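Data block below; observations after.
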Amino acid sequence: MGIIVKPLITEKAQKVTDKMSTRFGFVVLKTASKSEIKEAVEALYNVSVVKVNTLIAPAKRKSRYTKAGLVKGSNPSYKKAIVTLAEGQSIDFYSNI
């Protein structure tokens, strides 16, 4: 896949897609630019992309108590891309299952 790591298939992302049927979310490489993301989505899904919005989700600290004591760690940060397609186009993530 290269630039696109995976599509965002979460409840929050599905609410955005339900509200605006031409918007889809992807997890992408941190070094990817908007133009590279646009080209990758167009090549992978054969759609025309109108707009790309990006954000970097910060790392989250986690801790839990175990038999060995307090264990601390964190989830890594990652970059999200919200892609807006041309009117009337759609992406079906479940067609390959």
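The values are calculated or read from the model by the stated rules, or taken from the named source; none is laboratory data. This is a predicted model, so every value here is computed, not measured. Cβ sites come from the backbone with ideal geometry, for glycine too, and all protein chains shown count toward neighbours. Please note that ligands, DNA and RNA were not included when accessible areas were found on the heavy atoms of the full protein model with its side chains. Shrake-Rupley method; radii C 1.70, N 1.55, O 1.52, S 1.80 Å.
Just the number please: accessible area per residue for the chain, 1.4 Å probe, all protein chains included, in Å². Each step should come with its number before you reach the end.
On the way: 7060 Å² over 97 residues.
On a per-residue basis, the chain sits at 73 Å².
Which chymotrypsin sites (Phe, Trp or Tyr not before Pro) from the stretch 64-97 combine a DSSP loop assignment with at most 12 other Cβ atoms within 10 Å?
94
Would you mind calculating the relative contact order of the stretch 27-96 from Cα pairs under 8 angstrom and at least 6 residues apart, reporting the percent as a whole number?
Once divided by the residue count of the stretch 27-96, the mean separation gives 38 percent.
Give me, ordered by chain and number, the residues 5 or more places off residue 5 or on other chains with an amide H under 5 Å from its own placed amide H.
27, 28, 29
Give the lysines reachable from residue 67 as a straight Cα distance under 16 Å; neighbours fewer than 8 places away on the same chain don't count.
none
Can you give me the angle between helix 34-45 and the longest principal axis of the chain, using Cα atoms only, in degrees from 0 to 90, rounded to the nearest 10?
Computed tilt is about 70 degrees.
Spelling out what I want: for every residue of the stretch 76-88, take phi, set θ = phi - 60°, compute 6.51 cos²θ - 1.76 cosθ + 1.60 (Karplus), and round to whole Hz; glycine and proline get x.
Using θ = phi - 60°, the values come out as x, 7, 8, 10, 10, 10, 9, 9, 9, 8, 5, 4, x Hz.
What are the ³J(HN,Hα) values, in whole Hz, obtained from phi via the Karplus relation 6.51 cos²θ - 1.76 cosθ + 1.60 with θ = phi - 60°, for each residue of the stretch 12-24 in sequence order, with x given for Gly and Pro?
Values, residue by residue: 5, 5, 5, 5, 5, 5, 5, 6, 10, 5, 9, 10, 9 Hz.
Quick one: 3J(HN,Hα) in Hz for the stretch 49-61, Karplus 6.51/-1.76/1.60 with θ = phi - 60°, rounded, Gly and Pro as x.
Per-residue couplings from phi come out as 9, 8, 8, 10, 10, 10, 7, 10, 6, x, 5, 10, 7 Hz.
Run the reach check for residue 12 against lysines, Cα to Cα strictly under 20 Å, same-chain hits fewer than 8 apart removed. What comes back?
51, 60, 79, 80
Across the Cα atoms of the chain, what radius of gyration and what greatest pairwise Cα-Cα distance (Dmax) are found, in Å?
Calculated on Cα positions, Rg and Dmax stand at 16.3, 55 Å.
Which of the trypsin sites (Lys or Arg not before Pro) found in the stretch 23-68 are in a DSSP loop and have at most 15 neighbouring Cβ atoms, other than their own, within 10 Å?
Filter output for the stretch 23-68: 30, 67.
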